[in-house]
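The values are calculated or read from the model by the stated rules, or taken from the named source; none is laboratory data. On a predicted model such as this, the values are computed, not experimentally measured, just so you know. Methodologically, a virtual Cβ is constructed for each residue, glycine included, from the backbone with ideal geometry; neighbour enumeration extends over all protein chains shown. Quick note on the areas: whole protein, heavy atoms, side chains included, nothing else; ligands and nucleic acids left out. Shrake-Rupley method; radii C 1.70, N 1.55, O 1.52, S 1.80 Å.
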Amino acid sequence: MSRISVWGFRWAPDFAQGLVRDLRVRWALIEAGRSYEVQLIGFEERTAAPYRQRQPFGMVPAFEADGLQLFESGAIVHHIASDCAALMPADASARAEVLTWMFAALNTVEPPIQNLLETDLLYGNEPWAAMRRPVVVDAVKARLGVLAGHLQGRDHLLGSFTAADILMTTTLRLARHAELVAGFPVLDAYVKRCEARPAFRAALAEQMADYARNTPIAA
Ligand SMILES: N[C@@H](CCC(=O)N[C@@H](CS)C(=O)NCC(=O)O)C(=O)O
């Protein structure tokens, strides 16, 4: 991988800043010591034909490295990690374990958290939101409880920091508005530990700087 581009949004509203999923890709690339360019698009561009050729669903992130075009943050982080022993060990069984936890983050923990984010932040003013919220919160807490049990006595999901921790940390951040993670001290410490990594801080600072530079001028 030599020339790498990552697509993200030029700007995002406050509730989404620091959550938009190109953060995962930037973080993985910085951990892997790869340099990259960021291509920023406006929200309106995401569904236009040229961008849909990169991301059929009109979402960010998208990724290109030496002509290889990828989408889906999990697939992109996996691709980056596949070449980087610090994110995914060389041993086949250890790689399978990392992949297992990557899927767990995206396919088991993220769906209820995304549901909570949408219920609270996208549809919070709908009449049904308050009625629906308790079951949504319970579903998140159930997943967090199991995750906290797994992380008890561990610093990371597996023996050391891996790509799975990038996906799990950025997934748990999606619930930051509800402060549910703080109710599980083990998870709170885990997120803070991963967020303290220089690569995470650099990735977040970069994304936030892009948004600050491109803040829409109030009418
Ligand atoms: N499963 C996708 C989800 C991507 C996604 O939800 N992206 C959001 C930003 S974090 C987006 O582009 N939203 C705009 C939209 O849905 O139209 C991935 O992980 O890449």
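Within segment 43-56, which residues are part of a helix (DSSP H, G or I) and more than 18 Å from GLN17 (Cα to Cα)?
Hits for segment 43-56 are GLU45, THR47, ALA49, PRO50, TYR51, ARG52.
Give segment 109-131 a look and list any residue that's closer than 21 Å to GLY145 by Cβ and open to solvent by 60 Å² or more (accessible area, probe 1.4 Å), or say none.
Result: PRO111, single match.
Is there any pair linking a residue in segment 46-61 that is in contact (Cβ under 8 Å) with a residue 24 or more places away in the chain to one that is more than 8 Å from the ligand (Cβ to nearest atom) and of a type in the set (D, E, K, R), with Cβ under 7 Å and at least six apart or on different chains, and which?
Sorted first by the residue in segment 46-61, then by its partner, the pairs are TYR51/GLU45.
Looking at segment 1-44, which of the residues that are small (Gly, Ala, Ser) and within 9 Å of the ligand (Cβ to nearest atom) is surrounded by the fewest Cβ atoms within 10 Å (Cβ to Cβ)?
Ranking the candidates gives ALA16 first.
In segment 21-57, what residues are of a type in the set (Gly, Ala, Ser) and closer than 15 Å to ARG10 by Cβ?
GLY42, ALA48
If you go through segment 181-193 one residue at a time, do you hit one that is under 16 Å from the mean Cα position of the chain (by Cα), under 15 Å from LEU23 (Cβ atoms) and open to solvent by less than 60 Å² (accessible area, probe 1.4 Å)?
yes
Residue pairs, Cβ under 7 Å, 6 or more apart or interchain, first in segment 89-101 and within 16 Å of HIS79 (Cα to Cα), second of a type in the set (D, E, K, R) and open to solvent by 60 Å² or more (accessible area, probe 1.4 Å). List them.
Taking only residues 6 or more apart or on different chains, the pairs are PRO89/ARG95.
Give just the number: which of (1) within 9 Å of the ligand (Cβ to nearest atom); (2) open to solvent by less than 70 Å² (accessible area, probe 1.4 Å); (3) without any contact (Cβ under 8 Å) to a residue 12 or more places away in the chain does GLY67 not satisfy?
(1)
Quick one: how many residues across segment 70-105 are in a helix (DSSP H, G or I) and away from the ligand (no atom under 14 Å from the Cβ)? Talk me through it step by step, then tell me what you get.
Here is the first cut: in segment 70-105, the residues in a helix (DSSP H, G or I) are 73-82, 92-105.
With the extra rule that they be away from the ligand (no atom under 14 Å from the Cβ), the set shrinks to 81-82, 92-101, 104.
Selection size over segment 70-105: 13.
Scan (1) more than 13 Å from the ligand (Cβ to nearest atom); (2) within 29 Å of ARG197 (Cα to Cα); (3) in a loop (DSSP other than H, G, I, E, B) for the single condition MET59 breaks and write down its number.
Looking at each condition in turn, MET59 falls short on (1).
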